[in-house]
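See below for the structure under consideration.
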Amino acid sequence: MGILSNTVNICHFRVMGEWASDLDFYFEAPQLLTHNRFNSIDDTTDELSLGWVHLDDPKANNFNPPHCWRDHYLMFSLRRDQRKIPAALLKEHMEKAQDKFLAENPGYTRVPKLKKEEIKEAVRLKLLAKTLPDPKTYDVVWDTQRNLVTFTTLSQKTVELFQDHFKKTFEGLRLVAFHPYERGMLCLDSNGQLLLRQANKAGGDSYLELIQENQWIGKDFLLWLLYQTMNKASEYRVNQNGPTLKGEQFVAYINDKVVLTGEGEGGTQMITVNGPQDRFIEVKSALGSKSITEATIHLEAADESWCLTLKGGIFHFASFSSPAVKIEKDNTVDEQTEREAVFFERMALLEKGLQLFDSLFHTFLNARLGGDWGFISTGINEWVGGDQ
């Protein structure tokens, strides 16, 4: 699922560090992408190749400013091609090769260790030459105005590869996960930021510590939203900058999926509740010993709707669905112009959905860090412990 799909997995990063070059970033960034581009391994026996390709064309790996820039967005994709030999196939061919060696060398009753390794490598290379690489691409959109990078996968292994290759490409810069604490600091005013700093449970500035020690943010947010969904009006006001005017009304609620996690005698236990809910009876019964760590959130504004499954610990967005892009076909418009129109329309819809989410998160933080939280918390606890 790429960035132009109606449904996509996305995670966000802030770009940290200082640009090490004195050259114009607009012209040098494409050169750096080209220098660290993807190179095909179709005609080789290499197992893996990793590098940058065009967002619009995964076969193109030479960048220039007009094609990788759209306004203030720098856009490209990470391509990873890998050959994989099934273990059973490798074992079968090794056994055949070892049997052949023993038949040709009757003095041996078994294959020596060094020879076995030699046979294994020869068989592996032979099979690799016959195996086509499996290509995968992951889109990257760098909003250079907001200093925010969007990446279209939640795979931790792929995320780490992306961070490493980004750091290698852009010397002096690195990517840091846009985690709940950091997101909160960005959407709050100065007074709210002060209150959030006071509530910060991390002892240092390490982003890993800020994530781990502030798990309460995501857990409290999802519990608060579930309570709001079942007991309060689901109407909120836009309070963050973005495509929608501040003050506009929108609706937000939890439905379809809730994941609860807690510690038990056998270690970490997880419960997943799927399907449309009425009173969330199963969820409420589990809240005494578990916390909500993931949930599907619906956002609605005017006649448009968004849906995402929030990973509460780090604020990754799974299956983030947006309104469909509606671009009018015009025979007088060339393909490149149409691609640009689709891209800008898709980014506007994604940013609008994220603006609604950040407005909802801001509303929660104001409640959580404000003087009325004790009263709100009591209401939540009474609801959780009330009649099912």
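For the range 241-370, what D do you get in µm² per second when you plug the Kirkwood radius from alpha-carbon pairs into Stokes-Einstein at 10 °C and 1.306 mPa s?
Reported coefficient: 92 µm²/s.
Between Ala87 and Glu160, what is the FRET efficiency for a Förster distance of 22 Å, r being their Cβ-Cβ separation, to the nearest 0.05?
Calculated value: 0.35.
Which residue, Ser322, Trp383, Thr293, has the largest displacement toward the positive end of the dipole of the range 250-388 when charges sit on each Cβ (Lys, Arg +1; Asp, Glu -1)?
With unit charges placed on the Cβ atoms, the residue in question is Trp383.
So, how do all the Cα-to-Cα distances of the chain break down into 20 Å bins, in percent, from 0 on up?
Answer for the chain: a P(r) of 23, 47, 25, 6, 0 percent.
Among Val259, Ala87, Thr272, pick out the residue whose Cα is farthest towards the positive end of the charge dipole of the chain, where Lys and Arg carry +1 and Asp and Glu carry -1 on C-beta, about the Cα centre.
About the Cα centre, the residue reaching furthest to the positive side is Ala87.
What's the FRET efficiency of Asn62 with Asn105 using the Cβ-Cβ distance as r and R₀ = 56 Å, to the nearest 0.05?
About 0.60, to the nearest 0.05.
Mind giving me the nanometre distance, one decimal, between the label points for Ser305 and Asn191, set 7 Å out from Cα along Cα→Cβ?
3.7
Quick one: which of Lys126/Lys168; Lys284/Lys311; Lys59/Lys311 span more than 25 angstrom between C-alpha atoms?
Values: Lys126/Lys168 32 Å; Lys284/Lys311 19 Å; Lys59/Lys311 33 Å.
Violating the 25 Å limit, Cα to Cα: Lys126/Lys168; Lys59/Lys311.
With n ≥ 4 as the cut-off for DSSP H runs, can you work out [θ] at 222 nm for the chain, using -39500 (n - 2.57) per run divided by the number of residues, rounded to the nearest 500?
On the way: 12 runs with 159 residues, N = 388.
Mean residue ellipticity, 222 nm, calculated: -13000 deg cm²/dmol.
Would you mind computing, in nm to one decimal, how far apart the modelled labels at Gln212 and Phe27 are, each placed 7 Å from Cα along Cα→Cβ?
The modelled label-to-label distance comes out at 4.6 nm.
Between Ala122 and Asp278, 0.36 nm times their residue separation minus their Cα-Cα distance comes to what? Intermediate values should be presented prior to the final figure.
Values: separation 156, 0.36 × 156 = 56.16 nm, distance 6.10 nm.
That works out to 50.1 nm of additional length.
About its Cα centre, how strong a charge dipole does the chain have in debye, to the nearest 20, once Lys and Arg get +1 and Asp and Glu get -1 at the Cβ?
That gives a dipole near 1320 debye.
Using a Förster radius of 45 Å, what is the FRET efficiency between Ala324 and Asn381 based on their Cβ-Cβ separation? Nearest 0.05, please.
Rounded to the nearest 0.05, the efficiency is 0.60.
Starting from the Kirkwood radius over alpha-carbon pairs of the range 87-129, derive D by Stokes-Einstein at 4 °C in a medium of 1.567 mPa s and give it in µm² s⁻¹.
This corresponds to a translational diffusion coefficient of 123 µm²/s.
Could you state the number of Å between the C-alpha centres of the range 26-69 and the range 192-242?
Cα centroid of the range 192-242 versus Cα centroid of the range 26-69: 38 Å apart.
Return the Rg/Rh ratio of the range 111-205 with Cα-based radii and a Kirkwood Rh. Intermediate values should be presented prior to the final figure.
Numbers: Rg = 22.8 Å, Rh = 18.1 Å.
A ratio of 1.26.
Assuming 0.36 nm per residue, please report the length gained on full extension of the stretch Asp42 to Met16 beyond their Cα-Cα distance. Let's see the in-between values first.
Numbers: separation 26, 0.36 × 26 = 9.36 nm, distance 3.57 nm.
Here the answer is 5.8 nm.
All of the numbers you see were taken from the coordinates with simple rules; none came from a lab. Quick caveat, the model's predicted, so the values are computed rather than measured. Cβ: placed from backbone, ideal geometry, glycine included. Neighbour counts: every protein chain shown.
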